[in-house]
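Coordinate-derived values only; no laboratory data. Since we're looking at a predicted model, the values are computed, not measured. In this analysis, Cβ positions are derived from the backbone assuming ideal geometry, glycine residues included, and neighbour counts consider all displayed protein chains.
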Amino acid sequence: MLPVSRASASLLLVLMLPAAWALAGGAASAAGAEDELALHAYAFRHQRASDAIALVHPMLSPRGAVELHPADNTLVIHDNAAAVAKIMRVLRGFDHPSRPLRLDILIVHASRATVSPPILHSDLPEELTRRLRDLLGYDNYEIEARVALQTLEGEAVTYELGSEYQVSFRVGTVMPQRRVRLTDFDVMRRQSKRPGQELIRTNLNLWLDRTMSLGLSRSEASREALMVVITVREGERKGS
């Protein structure tokens, strides 16, 4: 190895510094590019853009934002490159052709026994009856109306259950967590020579293959209640 004078060592140091500065500057530029806000618009072909907003919000960075353009069924995302790339992957999976779903809806009259020892009766499956008795304290469950609907994601539904009840709602898209939203879920009771009575109007978030029960009564001490029991499952595709 050849000896290096002090002057030569100083020269080498000076010559090496610009390369180090260039590396540091390149890393800073790359980091700045990743953190820079970008705009990405996604036009939905199959699903409603408004239904995807709930998916997008949890994935936004603190600086991110989402805009809904309902006229062209589009979401506009403002965020850094990493967040936008993640959101786009989820939206492409969400924007699929509408899939079939099956909804089982029961209108149930629940009551407490008035004699001792109580006479117990239920038209519902044994497991569901046991859960409802433990939760609500009613002894008897009689089905007043029922329907099994074949529908599609995104479809608006109105259905008459017998001569007394009517249900209407719009079916949302099944989310990655296997949840589906029924928007404006409305149950009406028709009455002769009088306007119908609205029993329930709400938005429901349901898990697939799990049963949800809604109870209506004047008070917790009421002897009787009306219940709406709903189960959503994946339906069969046509031709399968």
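Below, the figures for the structure above:
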| read-out | value |
| --- | --- |
| Qualifying GluC sites (Glu not before Pro) in the range 119-209, DSSP loop, other Cβ atoms within 10 Å at most 15 | 155, 164 |
| Radius 12 Å from Cβ of residue 39, net charge of other residues (Lys, Arg +1; Asp, Glu -1) | -3 |
| ³J(HN,Hα) computed for each position of the range 225-236 - Karplus, 6.51 cos²θ - 1.76 cosθ + 1.60, integer Hz, glycine/proline x | 8, 9, 10, 10, 10, 10, 9, 10, 9, 5, x, 8 |
| Sum of side-chain charges, residue 226 neighbourhood, beta-carbon under 9 Å (Lys, Arg +1; Asp, Glu -1) | -1 |
| Förster radius 22 Å - calculated FRET efficiency between residue 155 and residue 68 (Cβ-Cβ, nearest 0.05) | 0.55 |
| Ranked 48, 130, criterion: other C-beta atoms within 10 Å, fewest first | 130, 48 |
| Order of 186, 134 under a 10 Å beta carbon neighbour criterion, fewest first | 134, 186 |
| Separation of alpha-carbon centers, the range 171-240 and the range 89-134, rounded to whole Å | 9 Å |
| Burial ordering of 200, 119, fewest other beta-carbon atoms within 10 Å first | 119, 200 |
